[in-house]
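This report concerns only the one structure given below.
The values are calculated or read from the model by the stated rules, or taken from the named source; none is laboratory data. Everything quoted here is computed from the prediction, not taken from an experiment. Note that each Cβ is placed from the backbone with ideal geometry, even for glycine, and that neighbours are counted across all protein chains shown. Quick note on the areas: whole protein, heavy atoms, side chains included, nothing else; ligands and nucleic acids left out. Shrake-Rupley method; radii C 1.70, N 1.55, O 1.52, S 1.80 Å.
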Amino acid sequence: MTHLSLAYDMRAPEFGADPASLYQAALDQCAWADRLGFHAVGFMEHHASSDGYLPSPIVMAAAAAARTTRVEIGVIVLLPLYDPLRAAEDLAVLDLIANGRLRVTAIAGYRREEYQQFGLDMSRRPSRMECGIAALKQAWTGEPFEFEGRRVRILPRPAQRPRPEIVLGGSSRAAAERAARIADGFRPVVPALMEDYAEALRSLGKPVPETRSSGSGGYLFLHVTRDPEGDWERIAPHALHENNDYARWLEGVPNPVYHHVSDPAELLASSAYRIVTPEQCLELARQDGALHFKPLIAGLDPELAWQSLRLFEREVLPKL
């Protein structure tokens, strides 16, 4: 079965669509995906951006959970930026709204501006991550525990028992080793780090899970159309904005994906942004076993995004 997923970061640069229309379209698309049997929708997090990058993925995911009944609800949270007890409460409520469909990925982040915005010391990312994950695990038991010298108890518990799994994201060997030690899974920026993760699991006497497809197909954006050239002309400014903003953010960070590009043709030639016909989309699905959509990339006109999704529904989905 082809794994189908949607992802949203809600970037809304000034030349893009109105943020309110983007948020409504995202929720409508989540309901559409749920009806069609998609497997997952995901929401990402960043702060101190120039384009309104989604700062509240838990809030957005709760809205999506309320509009759906089957699809997995994924959140990527910058856990060191949170009060761990408040994060435990909010995520528990989200899992209850989703009736146990929550999937949590905790990341430490890489942008100093985000830590500065909240008055936090970026050098303490590892210790804050470890504290946060330990607090989530204890909080979700529903039993009293010691936290920073005081007795606390977090209720309600999440819907999942014993608790939602916690996957750790990262881009270093240290992150892979930390994930093996304290998390339930690892989501690396660089796929080769899965070897470090597996090695760390074996050294701890833990089982090594089977490697699964990320569902991304090796691309960042997928759009289905009968007019690839015409649609790319409209999509290109949004793709360039996303690519170049990430490239700027990731300067000095291990990054095999984003590099500054000024020519839309060069970006399209990289195959990171796939503008495909229904027939080509079907072939992608058969090759990878997964299709990953990010329909509202950098404030893309929701109507253009819907044209792609509806064409996928009509001409690709029935053949999968």
note = Checked the range 182-205 for anything assigned to a helix (DSSP H, G or I) and either open to solvent by 40 Å² or more (accessible area, probe 1.4 Å) or of a type in the set (A, V, I, L, M) (or both); matches are I182, L193, M194, E195, A198, E199, A200, L201, R202, S203
key: Residue in the range 142-158 that is assigned to a loop (DSSP other than H, G, I, E, B), open to solvent by less than 90 Å² (accessible area, probe 1.4 Å), among the small types (G, A, S) and touching a residue at least 24 places away in the same chain (Cβ under 8 Å) present   = no
query = For G299, which of the numbered conditions (1) at positive phi; (2) more than 22 Å from the chain's Cα centre (by Cα) fails to hold?
reply = (2)
message = Looking at L94, L120, L136, can you tell me which residue is outside any strand (DSSP E or B), among the hydrophobic types (A, V, I, L, M, F, W, C) and within 30 Å of G37 (Cα to Cα)?
response = L94
query = For the range 277-294, what are the residues that are within 29 Å of P19 (Cα to Cα) and open to solvent by 10 Å² or more (accessible area, probe 1.4 Å)?
reply = T277, H292, K294
task = Please name all residue pairs, on different chains or six or more residues apart, with Cβ atoms under 9 Å, provided the first residue is in the range 309-320 and is farther than 21 Å from L27 by Cβ and the second residue is part of a helix (DSSP H, G or I) and among the basic types (K, R).
result = L320/R286
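Q160 - would you say it is under 15 Å from L85 (Cα atoms) and either in contact with an Asp or Glu (Cβ under 6 Å, 6 or more places away or on another chain) or not aliphatic (A, V, I, L, M) (or both)?
Working: under 15 Å from L85 (Cα atoms): no; either in contact with an Asp or Glu (Cβ under 6 Å, 6 or more places away or on another chain) or not aliphatic (A, V, I, L, M) (or both): yes.
Taking the combined requirement at face value, the residue does not satisfy it.
Could you pull out the residue among L85, L79, L36, L91 that is closer than 24 Å to E148 by Cβ, touching a strand residue (DSSP E or B) at 6+ places or on another chain (Cβ under 9 Å) and surrounded by fewer than 20 Cβ atoms within 10 Å (Cβ to Cβ)? So that I can check it myself, show each step before the final result.
Numbers: L79 fails: surrounded by fewer than 20 Cβ atoms within 10 Å (Cβ to Cβ); L36 fails: closer than 24 Å to E148 by Cβ; L91 fails: surrounded by fewer than 20 Cβ atoms within 10 Å (Cβ to Cβ).
The unique qualifying residue is L85.
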task = Check the range 272-290 and report whether any residue there is hydrophobic (A, V, I, L, M, F, W, C) and touching a Cys at 6+ places or on another chain (Cβ under 7 Å).
result = no
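Could you tell me which residue of the range 161-181 is nearest to R128 (Cα to Cα), considering only residues that are in a helix (DSSP H, G or I) and open to solvent by 20 Å² or more (accessible area, probe 1.4 Å)?
First, the residues of the range 161-181 that are in a helix (DSSP H, G or I): 173-181.
Now drop any that are not open to solvent by 20 Å² or more (accessible area, probe 1.4 Å), which leaves 173-174, 177-178, 181.
Details: R173: 18, A174: 15, E177: 16, R178: 12, R181: 15 Å.
The extreme case among them is R178.
Residue check: is A7 open to solvent by less than 20 Å² (accessible area, probe 1.4 Å), touching a residue at least 12 places away in the same chain (Cβ under 8 Å), in a helix (DSSP H, G or I) and within 19 Å of V75 (Cβ to Cβ)? Steps first, please.
Details: open to solvent by less than 20 Å² (accessible area, probe 1.4 Å): yes; touching a residue at least 12 places away in the same chain (Cβ under 8 Å): yes; in a helix (DSSP H, G or I): no; within 19 Å of V75 (Cβ to Cβ): yes.
Judged against the criteria, A7 is not a match.
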ask   = Taking S262, is it without any contact (Cβ under 8 Å) to a residue 60 or more places away in the chain and open to solvent by less than 60 Å² (accessible area, probe 1.4 Å)?
value = no
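Among the residues of the range 134-151, write down those that are more than 22 Å from L78 (Cβ to Cβ) and of a type outside the set (F, W, Y).
Within the range 134-151, the subset more than 22 Å from L78 (Cβ to Cβ) is 141-146, 149-151.
Of everything in the range 134-151, those that are more than 22 Å from L78 (Cβ to Cβ) and of a type outside the set (F, W, Y) turn out to be T141, G142, E143, P144, E146, G149, R150, R151.
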query = Quick check: anything in the range 95-118 free of Cβ contacts under 8 Å to residues at least 60 places away in the same chain, crowded, with 23+ Cβ neighbours inside 10 Å, under 17 Å from L168 (Cα atoms) and out of contact with any Asp or Glu (no Cβ under 9 Å at 6 or more places or on another chain)?
reply = no
